[in-house]
1. Take Tyr54 and tell me if it is within 28 Å of Ser131 (Cβ to Cβ), surrounded by fewer than 18 Cβ atoms within 10 Å (Cβ to Cβ) and either among the hydroxyl-bearing types (Ser, Thr, Tyr) or in contact with a Lys or Arg (Cβ under 7 Å, 6 or more places away or on another chain) (or both).
2. Among (1) under 19 Å from Ala137 (Cβ atoms); (2) in contact with a helix residue (DSSP H, G or I) (Cβ under 7 Å, 6 or more places away or on another chain), where does Leu239 come up short?
3. Among the residues of the stretch 108-133, count how many are in a loop (DSSP other than H, G, I, E, B) and either hydrophobic (A, V, I, L, M, F, W, C) or touching a helix residue (DSSP H, G or I) at 6+ places or on another chain (Cβ under 9 Å) (or both).
4. How many residues are among the basic types (Lys, Arg) and either within 15 Å of Ile12 (Cβ to Cβ) or not assigned by TED's automatic domain parsing to the domain that holds Gly16 (or both) if we restrict to the stretch 95-119?
5. Return a yes/no flag: does the stretch 186-208 have any residue that is farther than 28 Å from Asp289 by Cα, in contact (Cβ under 8 Å) with a residue 12 or more places away in the chain, of a type outside the set (A, V, I, L, M, F, W, C) and in contact with a helix residue (DSSP H, G or I) (Cβ under 7 Å, 6 or more places away or on another chain).
6. Please list, ordered by first then second residue, the pairs with beta carbon atoms under 6 Å, 6 or more apart or interchain, first in the stretch 276-294 and assigned to a strand (DSSP E or B), second aromatic (Phe, Trp, Tyr).
7. Does Ile246 qualify as being surrounded by fewer than 15 Cβ atoms within 10 Å (Cβ to Cβ), modelled with pLDDT under 95 and under 23 Å from Lys147 (Cα atoms)?
8. Taking only the stretch 260-293 into account, find how many residues are crowded, with 18+ Cβ neighbours inside 10 Å and either modelled with pLDDT under 95 or acidic (Asp, Glu) (or both).
Amino acid sequence: MSENTEKIKCLIIGSGPAGYTAAIYAARADLKPVLIQGMQPGGQLTITTEIENYPGFPEGITGSAIMENFHKQAARFGTDIRWGSISEVDFTKKPFKLKTEEGNEILADTVIIATGATAKWIGIESEVKFSGYGVSACATCDGFFYKGKVVAVIGGGDTAVEEALYLAKLCKKVYLIHRRSELRASKIMQNKLFNTPNVEMIWNNLPKEIVGTESGFIKSVNGIILTNTITAEETKLDLDGVFRAIGHKPNSDIFKDKLELHPNGYIKTQPGSTKTSVNGVFAAGDIQDFHFRQAVTAAGSGCMAAIEAERYLCTI
């Protein structure tokens with residue numbers, strides 16, 4: 001074994017709710033886990049301002065604060081938490097061989113993948129500026145903050161329609177903005193949408209700019225400027241929030257041809273389990289869940305992965 005090679009029991013890749021929860025359980029089981037944080041330590045929650053639907057925080061908590069709590073709890077039980085990313089994996093033989101971006105080699109008896117998924121951006125500068133301050137990618141997470149207000153959903157698939165229908169129960173008005181003249185969503189979802197009175201379709205339009213106010217660190221959205229894809233005419237809608245719903249991209253590129261994936265790129269796991277197509281490799285959180293995509297469900301699957309990893313280690 002070279003000086004750049006390290007042998008460990010349990011490697012966890014990713015530091016969102018799934019990764020940190022797996023680390024807490026693995027550390028308490030004396031698996032001496034090493035957790036590689038990835039390029040966005042804390043995951044998607046670190047770009048979320050207020051979280052009110054995670055149990056145990058009746059007054060709510062910011063995304064960065066709750067992830068700092070996750071970090072501290074995992075470290076308290078002895079998790080070796082490291083900055084960096086994994087660039088290569090080899091699951092063809094055991095122990096599994098992985099390489100960090102710095103060129104170091106890790107040999108791991110078991111691996112838990114919790115690299116998550118990333119919401120796709122619309123592609124305009126202002127959505128980044130107002131992200132977390134009126135621009136969101138999760139109606140279930142943030143819809144409550146817009147109760148009785150006017151919002152827009154950007155997209156045309158089932159996800160966009162689901163977001164719009166959820167928000168319609170809370171908001172005074174919901175615009176669904178789509179760049180084409182027909183939706184890609186399933187017909188049954190479209191029928192529900194078109195029969196919802198406080199949803200208005202805006203066809204053949206693309207967002208050009210999200211506008212709002214800024215005062216120091218305080219920002220808020222108050223409108224969106226649209227460009228018609230046919231006439232190039234620009235219009236402005238007054239509203240309080242924008243939800244981008246053009247899909248998520250699973251962070252699974254390095255696992256292609258290494259694990260069995262769904263056609264949409266998410267890692268395939270056995271029903272009711274975090275087991276992947278390779279015995280000893282587990283996947284938890286949004287990297288394998290494209291249905292719920294919630295912090296609490298990610299944390300639950302992280303717990304499952306650690307318990308299954310511990311049981312696996314007892315067999316080798």
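1. Numbers: within 28 Å of Ser131 (Cβ to Cβ): yes; surrounded by fewer than 18 Cβ atoms within 10 Å (Cβ to Cβ): yes; either among the hydroxyl-bearing types (Ser, Thr, Tyr) or in contact with a Lys or Arg (Cβ under 7 Å, 6 or more places away or on another chain) (or both): yes.
Spelling it out, Tyr54 is indeed within 28 Å of Ser131 (Cβ to Cβ), surrounded by fewer than 18 Cβ atoms within 10 Å (Cβ to Cβ) and either among the hydroxyl-bearing types (Ser, Thr, Tyr) or in contact with a Lys or Arg (Cβ under 7 Å, 6 or more places away or on another chain) (or both).
2. Looking at each condition in turn, Leu239 falls short on (2).
3. First, pick out the residues of the stretch 108-133 that are in a loop (DSSP other than H, G, I, E, B): 114-116, 120-124, 130, 132-133.
Now restrict to residues that are either hydrophobic (A, V, I, L, M, F, W, C) or touching a helix residue (DSSP H, G or I) at 6+ places or on another chain (Cβ under 9 Å) (or both): 114-116, 121-122, 124, 130, 132.
Final tally of qualifying residues: 8.
4. Pass one, the stretch 95-119, residues among the basic types (Lys, Arg): 97, 99.
After this cut, where a residue has to be either within 15 Å of Ile12 (Cβ to Cβ) or not assigned by TED's automatic domain parsing to the domain that holds Gly16 (or both) as well, the list is none.
Going through the stretch 95-119 one residue at a time, the tally reaches 0.
5. Yes, that holds for at least one residue.
6. Val281/Phe91
7. Numbers: surrounded by fewer than 15 Cβ atoms within 10 Å (Cβ to Cβ): no; modelled with pLDDT under 95: yes; under 23 Å from Lys147 (Cα atoms): yes.
Considered against the rule, which asks whether it is surrounded by fewer than 15 Cβ atoms within 10 Å (Cβ to Cβ), modelled with pLDDT under 95 and under 23 Å from Lys147 (Cα atoms), Ile246 comes out as no.
8. 3
The values are calculated or read from the model by the stated rules, or taken from the named source; none is laboratory data. A quick note: this is a predicted structure, and the numbers were derived from the prediction, not measured. Here the Cβ is made from the backbone with ideal geometry for all residues, glycine too, and neighbour counts use every protein chain on show.
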